[in-house]
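A.B. asks: This is the structure, below, for whatever I ask next.
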Amino acid sequence: MKVVVIGAGVVGSLVARELVRHDFDVTIVERMPDPGMGVTRANSAIVHAGYDDPPGTLRAELCAMGNSLFQNVCEELGVEFKRTGSLVVAFNDEEKKRLDRLVKQGEKNGVPNLKLVERNELLTMEPHLNPGAVAALFAPTAGITEPWMLAISAVENAIKNGAKFLPETEVIGFETKGGRVRKVITNSNSIEADIVINAAGLFADEIAELAGVEHPPIHPRKGEYILLDKAVGRIVQRVIFPTPSEKSKGVLVLPTVDGGTLLGPNAVDLPREHKNDLRTTVEGINEVREKALLLVPDLPIHKTIRTFAGLRPETPQKDFYITAEMKPWGFINLGGMRSPGLTASPAIARYVVEYLIEEKFGIKLQKNEKFDPVNNRINHPTAGSVEKWDRLIDEDPSWGRIVCACNEVTEAEIREAIKKGARTLDGVKFRTRAMFGRCQGGFCTFRIMKILSEQLGVPIEEVKKSVDGSWVLDGHVRSDNT
Ligand SMILES: Cc1cc2nc3c(=O)[nH]c(=O)nc-3n(C[C@H](O)[C@H](O)[C@H](O)COP(=O)(O)OP(=O)(O)OC[C@H]3O[C@@H](n4cnc5c(N)ncnc54)[C@H](O)[C@@H]3O)c2cc1C
């Protein structure tokens, strides 16, 4: 049975990987050059504990289940996941009452070990926290991860198990016949399909429209962030939330898996046609800074190395929009994937295969006996022992040539990333963390471009940052003989 997955964000990628555990012929179509470059690329990267969402919603059910599956998925796919725990901080009695409500909600959602901590214990746990805090909800099962790497690694693993991945390929229509989708039409080919999975993130409503399927309109809700340098050290040990509002979980302060500190996001609603608007604004960044300082007053904001924005795919309904359509038969919507879509993604993958495909469509699942769940991450020798690193250098001296000094990434790692499918600077960045450190590529970008140019066999002017048109070099300013 042929299944086409549209979109290689964390949701589509994990669904594709779940499908290849069974005997499906899977094609993943992604319009970006790499997996994980949509909503999945820019978010808070938190694996939520699961107390935020109202019991009985898909968000609540799939978030709690996703959290419990996360560790195993990350171990299999070589993705970092740290169960840091999270704290929702109250600054007055009114907010403290809301924490009680969150505890009850969390318990109904099946979240284990939730606990209210009083001021003294809280300030011992997090000494940099605003001393005006009166209490907090501690959720030990919350964690942090690297969402883009989860998508990249899930696609690599799906390919290893037989899936086809079509990057830089945009779905532009469908061919339906006899009440079923027969073909997915892209800008370069058409692909036969029995089942179509719409995991197109911000564009899931437009994809559904192309298939004549109902989907609530999606509008982007921007969230802006400030990233602080690793040199700041672990100023907070856990994910720190303010008490949430109706609209969002608020501006947070949290550690990143590679040792940085992240502040944000704010929440700014944009019109529907602004789905590509990833600009940061002075007002937005100031809002993030001020709100983060309320939580942790001595944050060294001058150690900012980057600001960026992500877009939440909001629908008028608060819940995820997950449907198995009977008209046309075989069309599955995975829309409205706002937070906690990342946390829920391993559970969504199971829900699609074991409930929507098997139960709703009545398709008997046949196990793929050869399924191998493991995807090895690119070796990062500077994180291991010097002896091991020495041995690698003996085999290939490029393991000894550091290209990204901030994150100590070697030339060999960059070459490995290109072998694994990176075609752009971002493809290398998100696989290796080169250009992710303090200089943000200021010193190493050109060297990485040279490696990309050499290994891909393209002139250096054709090396892109990410999508078509994102050229870094505009041409020669001097000819070779002047
Ligand atoms: C500011 C912010 C903070 C968040 N924080 C968290 C958090 O801490 N924890 C959490 O659990 N969740 C969080 N989320 C939510 C989480 O990031 C998303 O739920 C998740 O990344 C959605 O993944 P996706 O695969 O549905 O979408 P995407 O990652 O956007 O993937 C969809 C893919 O479809 C592709 N596509 C679109 N149209 C087409 C087409 N026509 N043809 C081919 N391909 C197409 C896109 O290029 C894209 O790669 C946050 C979101 C935001 C924006």
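A.B. asks: From the Cα gyration tensor of segment 134-284, with a ≥ b ≥ c the square roots of its eigenvalues, which class applies: rounded if a/c is under 1.5, or else prolate if a/b is larger than b/c, or else oblate?
C.D. replies: Verdict is prolate for segment 134-284.
A.B. asks: Suppose every Lys and Arg Cβ carries +1 and every Asp and Glu Cβ carries -1, with no other charges. What dipole size does segment 381-462 come out with about its Cα centre, to the nearest 20 debye?
C.D. replies: 300
A.B. asks: Another question, if that's okay. Lys/Arg Cβ at +1, Asp/Glu Cβ at -1, dipole of the chain taken about the Cα centre: which of T280, V409, L252 is farthest positive-ward?
C.D. replies: After comparing all options, I get L252.
A.B. asks: Report the dimensions of segment 24-183 along its three principal axes from the alpha-carbon atoms, largest first, rounded to Å.
C.D. replies: 62, 35, 25
A.B. asks: Quick one: grab Rg to one decimal and Dmax as a whole number for segment 381-462, Cα atoms only, in Å.
C.D. replies: Cα-based Rg and Dmax for segment 381-462 come out at 12.4, 39 Å.
A.B. asks: When Lys and Arg each count +1 and Asp and Glu each count -1, what net charge do the other residues less than 15 Å away from T307, Cβ to Cβ, add up to?
C.D. replies: Neighbourhood net charge equals +2.
A.B. asks: For the charge dipole of segment 141-228, defined by +1 on Lys and Arg C-beta atoms and -1 on Asp and Glu C-beta atoms about the Cα centroid, which residue among T176, I144, T186 has the Cα displaced farthest towards the positive pole?
C.D. replies: Going by the Cα projections, it comes out as T176.
A.B. asks: Can you sort H380, H22, H302, H48 by how many other beta carbons sit within 10 Å, fewest first?
C.D. replies: Ranking H380, H22, H302, H48 by Cβ neighbours within 10 Å, fewest first, gives H302, H380, H22, H48.
A.B. asks: Please list log₁₀ I(q)/I(0) at q = 0.11, 0.24, 0.25 Å⁻¹ for segment 38-114, using the Debye equation with identical point scatterers on the alpha-carbon positions.
C.D. replies: After summing over all Cα pairs, the log10 values are -0.34, -1.19, -1.23.
A.B. asks: Sorting W471, W148, W399 on the 10 Å Cβ count, fewest up front, what's the list?
C.D. replies: Final ranking by Cβ density, sparse to dense: W471, W399, W148.
A.B. asks: To make sure I understand, if each residue's beta carbon is the centre and we count other beta carbons within 10 Å, what order do M37, M125, M326, M65 fall in, fewest to most?
C.D. replies: Ranking M37, M125, M326, M65 by Cβ neighbours within 10 Å, fewest first, gives M326, M125, M65, M37.
A.B. asks: Here's another thing I want to ask about it. Any of K82/K108; K2/K450; K370/K419 with alpha carbons more than 29 Å apart? Name them for me.
C.D. replies: In this structure, K2/K450 exceed 29 Å between Cα atoms.
A.B. asks: Hey, what's the per residue convex hull volume over the C-alpha atoms of the chain, in cubic angstrom?
C.D. replies: Value for the chain: 161 Å³ per residue.
A.B. asks: Please give the Cα centre distance for segment 405-458 versus segment 207-252, rounded to the nearest Å.
C.D. replies: Between the Cα centre of segment 405-458 and that of segment 207-252, the gap is 27 Å.
A.B. asks: If one computes the Cα centroid of segment 1-73 and of segment 358-385, what distance in Å separates the two points?
C.D. replies: When both Cα centres are located, 13 Å separates them.
A.B. asks: Could you name the aspartates and glutamates in cross-link range of K367, using Cα to Cα under 15 Å and dropping any fewer than eight places away on the same chain?
C.D. replies: E18, D23, D25, E354, E358
A.B. asks: Next up: From the cross-link list K177/K222; K318/K420; K115/K249; K249/K420; K249/K303; K164/K429, which pairs have alpha carbons spaced over 28 Å apart?
C.D. replies: Cα-Cα > 28 Å for K177/K222; K318/K420; K249/K420; rest within.
A.B. asks: Give, rounded to the nearest 20 debye, the magnitude of the charge dipole that the chain has about its Cα centre when Lys and Arg contribute +1 at Cβ and Asp and Glu contribute -1 at Cβ.
C.D. replies: Here the size comes out at about 340 debye.
A.B. asks: Could you compute how fast segment 265-384 diffuses translationally, taking Rh as the Kirkwood radius over C-alpha pairs and applying Stokes-Einstein at 25 °C with viscosity 0.890 mPa s? Give it in µm² per second.
C.D. replies: Answer, rounded: 129 µm²/s.
Read the figures in this text as sums done on the coordinates, not as results from a lab. Just so it is clear, the model here is predicted, and its values are computed rather than measured. We place every Cβ from the backbone using ideal geometry, glycine too, and count neighbours over all the protein chains shown.
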